[in-house]
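Working notes for the structure below.
The values are calculated or read from the model by the stated rules, or taken from the named source; none is laboratory data. A quick note: this is a predicted structure, and the numbers were derived from the prediction, not measured. Here Cβ is always computed from backbone atoms with ideal geometry, including for glycine, and neighbour counts include all displayed protein chains. Please note that ligands, DNA and RNA were not included when accessible areas were found on the heavy atoms of the full protein model with its side chains. Shrake-Rupley method; radii C 1.70, N 1.55, O 1.52, S 1.80 Å.
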Amino acid sequence: MRKYINDKKPEIYAEEIIQALNLEPPIDLEKICEYYDVNVNNEPLKNVEAILIISKGKKNILINESKYIYNERKRFTIAHEIGHLFIPWHDNISGCTGIGNFNSEDNVENEADLFASALLIPKNDIIKDIEGKSVTLSLIEELARKYQVSLGAMTRRILKYTDDNVVALFYFKNGKKIVQASSASFSSSLKSGKIKESAADKMITGKMYKSKVLQEHTYNTWFSDSKEGYMIVEESLYQSNFDRVFTLIRKYTFTDNNESILDF
Ligand SMILES: [Zn+2]
C-alpha cells in the first residue's frame, strides 16, 4: 500500500481546491482550469481516453472527444486529469484508460478517480443533501442532475455516506451482475445467475416494456443467504444504450408504503 505524502488522501487535495475557490455544486471546472492555468483541448487520441501533460510550466489536458458523448462523463474525465495534476506523487505525463471504473490495477488511476469524485461531489454538500432521506433511484437521479455527474458516480458517492442498507449493480441479459457500490451496512450475498422474478430480468429480456420499475420482493428473490427475512425493494432502470439494467436494491422501509408505484 502506498504511503500518502503527509498522510493526505487524494480526496483532501480536491477539498482544498473547493475551499480555495469557494465552489458549490455543480462544480465549475472551467473556473478551476482558468484559476490554475490549465488548458483543456479535444484531440483525436489513440488508445487513451485522456492525457495530462505538464511540460515547461504549461499544463495541458487532452481529451479524446470521440469517446465522450455525455457531458457528465467528460466532466468526470477532466476532474480525473486535474487529480493527476494536484496529487503530488503522480507523474507529469499521465495517459488514462478506464476512467471512472475505480478498479484499475494501477493505483494511481484509482486515486485520480477518488479525487474526481470528491471534487465533483463535495463531501459536505452530499452529506447535507442525503441527510434524513432514503436512498432511492429518484434521489440519485435528482442529485446526479444537480451535481452534473453520471448516475454511477452519484450512486458510488451516496452509498459511501448513507446509513441505509443498499447495493447498486448492473444486470445483464445472461444474468451477470456487476456490483457498482454497496453501503457500509450491506452484507448480503447476491444470488448467482438469472433472477427471473426480478424486474431487471424482465426488462432486459423484453418481457416488461418499461424503462423504470419499482418492485417489492422477499429477501431471497435476490439474495442467497438466509440470515435476513425482511422485504426488499428493487428499483431498476433500463439503459438501452448499454443493453443493461441499472438496479438498486434496498431494505423495504415503512416510507415505501407512502410512495406511489404509479409514479414509475
Ligand atoms: Zn488517469
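Contact map, region 14-34: residues that are more than 14 Å from residue 148 (Cα to Cα) and modelled with pLDDT of 95 or more paired with residues that are outside any helix (DSSP H, G or I) and open to solvent by 20 Å² or more (accessible area, probe 1.4 Å), Cβ distance under 6 Å, separation 6+ or inter-chain. Pairs shown: 33/40.
Of the residues 91, 37, 28, which is on the phi > 0 side of the Ramachandran plot and open to solvent by 40 Å² or more (accessible area, probe 1.4 Å)?
Values: 91 fails: on the phi > 0 side of the Ramachandran plot; 28 fails: on the phi > 0 side of the Ramachandran plot.
From the options 91, 37, 28, the qualifying one is 37.
For region 16-56, give me each residue that is over 23 Å from the mean Cα position of the chain (by Cα), of a type in the set (Asp, Glu) and not in a helix (DSSP H, G or I). Listed by number, the residues that qualify are 37, 43.
Can you pull out the residues in region 92-106 that are part of a loop (DSSP other than H, G, I, E, B) and either under 23 Å from residue 152 (Cβ atoms) or within 10 Å of the ligand (Cβ to nearest atom) (or both)? Talk me through it step by step, then tell me what you get.
Of the residues in region 92-106, the ones part of a loop (DSSP other than H, G, I, E, B) are 92, 97-106.
Listed by number, the residues that qualify are 97, 98, 99, 100, 101, 102, 103, 104, 105, 106.
Scanning region 66-88 for residues that are more than 13 Å from the ligand (Cβ to nearest atom), of a type outside the set (Lys, Arg) and open to solvent by 30 Å² or more (accessible area, probe 1.4 Å) yields 66, 69, 70, 71, 72, 88.
Which of the following residues is in contact with a Ser or Thr (Cβ under 6 Å, 6 or more places away or on another chain) and closer than 27 Å to residue 181 by Cα: 17, 82, 99?
Working: 17 fails: in contact with a Ser or Thr (Cβ under 6 Å, 6 or more places away or on another chain); 82 fails: in contact with a Ser or Thr (Cβ under 6 Å, 6 or more places away or on another chain).
Result of the check over 17, 82, 99: 99.
For region 8-17, the set of residues classified as hydrophobic (A, V, I, L, M, F, W, C) and open to solvent by less than 20 Å² (accessible area, probe 1.4 Å) consists of 14, 17, listed by residue number.
Note on region 46-65: residues that are in contact (Cβ under 8 Å) with a residue 40 or more places away in the chain, more than 23 Å from residue 241 (Cα to Cα) and within 11 Å of the ligand (Cβ to nearest atom) total 2.
The set of residues from region 237-258 being among the hydroxyl-bearing types (Ser, Thr, Tyr), surrounded by fewer than 18 Cβ atoms within 10 Å (Cβ to Cβ) and free of Cβ contacts under 8 Å to residues at least 40 places away in the same chain comprises 240, 252.
With the condition being among the small types (Gly, Ala, Ser), within 16 Å of the ligand (Cβ to nearest atom) and in contact with a helix residue (DSSP H, G or I) (Cβ under 7 Å, 6 or more places away or on another chain), I'd like the helices (runs of 4 or more DSSP H) fully within region 109-228 carrying at least 1 qualifying residues. Before you say what the answer is, go through the steps one by one.
Numbers: elements: 123-130, 137-147, 151-161, 199-204.
Here the list reads 151-161.
Considering 224, 182, 211, the condition of being among the hydroxyl-bearing types (Ser, Thr, Tyr) and within 18 Å of the chain's Cα centre (by Cα) is satisfied by 182 alone. When region 62-91 is limited to residues that are part of a helix (DSSP H, G or I) and charged (D, E, K, R), the one that is farthest from residue 37 (Cα to Cα) turns out to be 67. A Cβ distance below 9 Å, combined with a sequence gap of six or more or placement on separate chains, defines the contacts here; from region 66-95, residues that are free of Cβ contacts under 8 Å to residues at least 40 places away in the same chain and under 15 Å from residue 120 (Cα atoms) reach residues that are part of a loop (DSSP other than H, G, I, E, B) and of a type in the set (Phe, Trp, Tyr) in the pairs 74/68; 77/68.
Restricting to region 52-65, and then to whatever is open to solvent by less than 30 Å² (accessible area, probe 1.4 Å) and touching a helix residue (DSSP H, G or I) at 6+ places or on another chain (Cβ under 8 Å), can you tell me which residue is nearest to residue 94 (Cα to Cα)? Filtering first and then ranking leaves 52.
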